[in-house]
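Have a look at the structure below before the remarks.
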Amino acid sequence: MNYSQFEIWLIIALIAVGTFAIRFSFLGLIGSKRMAPVIERTLRFTPVAVLPGMVAPLVLWPTDAADGVTLLHLAAASAAVGTAYLTRKVIWGMLAGLGVFFAPVIFALL
């Protein structure tokens, strides 16, 4: 399928409007009313669920590896998860994963 540049931007704009409408219908229309405690508690987990949802496909189905999942991808993901779990800081987990993933490149340059 070949789309023109206009069609691509139109699709992106429609998806953006749809996403906004879905979120606004839930959060924007509530206004200043108090949400149920179970909903507030559930919404607290959203940021925690988004990051693994974005990273897991890149670990399990990497596009840069011809053979599929490599030991390097699994080692970097394990280092990130382990460090984040032990330190309770997501940024340290990200840095540990980056360090393990790019360590071969750094050592090759030395």
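The values are calculated or read from the model by the stated rules, or taken from the named source; none is laboratory data. Keep in mind that what you see is a predicted model, and the values were worked out from it rather than measured. Cβ atoms come from the backbone with ideal geometry, glycine included; neighbour counts cover every protein chain shown. All accessible areas refer to the heavy atoms of the entire protein, side chains included, with ligands and DNA or RNA removed. Shrake-Rupley method; radii C 1.70, N 1.55, O 1.52, S 1.80 Å.
Carbon and sulfur: what percent of the range 35-96's accessible surface (1.4 Å probe)? Walk me through the numbers on the way to the answer.
Details: 3550 of 4730 Å².
Reported share for carbon and sulfur atoms: 75 percent.
With a/c under 1.5 counting as rounded, go ahead and sort the chain into rounded, prolate or oblate using the C-alpha gyration tensor (a ≥ b ≥ c being the square roots of the eigenvalues; past the cut-off, prolate if a/b is larger than b/c, else oblate). Intermediate values should be presented prior to the final figure.
Working: a/c = 3.19, a/b = 1.37, b/c = 2.33.
Cα axes put the chain in the oblate bin.
For the range 1-82, what is the accessible area per residue in Å² when the probe is 1.4 Å? List each step's numbers first, then the result.
Working: 6890 Å² over 82 residues.
Averaged over the residues of the range 1-82, the accessible area is 84 Å².
I need the calculated FRET efficiency for the pair Asn2 and Met54, taking r as the beta carbon distance and R₀ as 35 Å, to the nearest 0.05. Display every interim value, and only then the final one.
Numbers: r = 28 Å, r/R0 = 0.80.
So the FRET efficiency works out to roughly 0.80.
Just from its helices, what would the mean residue ellipticity at 222 nm be for the chain, if runs of 4 or more DSSP H residues each count -39500 (n - 2.57) and the sum is divided by every residue, rounded to the nearest 500 deg cm²/dmol? List each step's numbers first, then the result.
Working: 5 runs with 78 residues, N = 110.
Value at 222 nm, helices only: -23500 deg cm²/dmol.
At 0.36 nm per residue, minus the direct Cα-Cα distance, what do Phe24 and Trp61 gain on full extension? Give it in nm, one decimal, please.
Numbers: separation 37, 0.36 × 37 = 13.32 nm, distance 3.28 nm.
Separation in residues times 0.36 nm, less the Cα-Cα distance, equals 10.0 nm.
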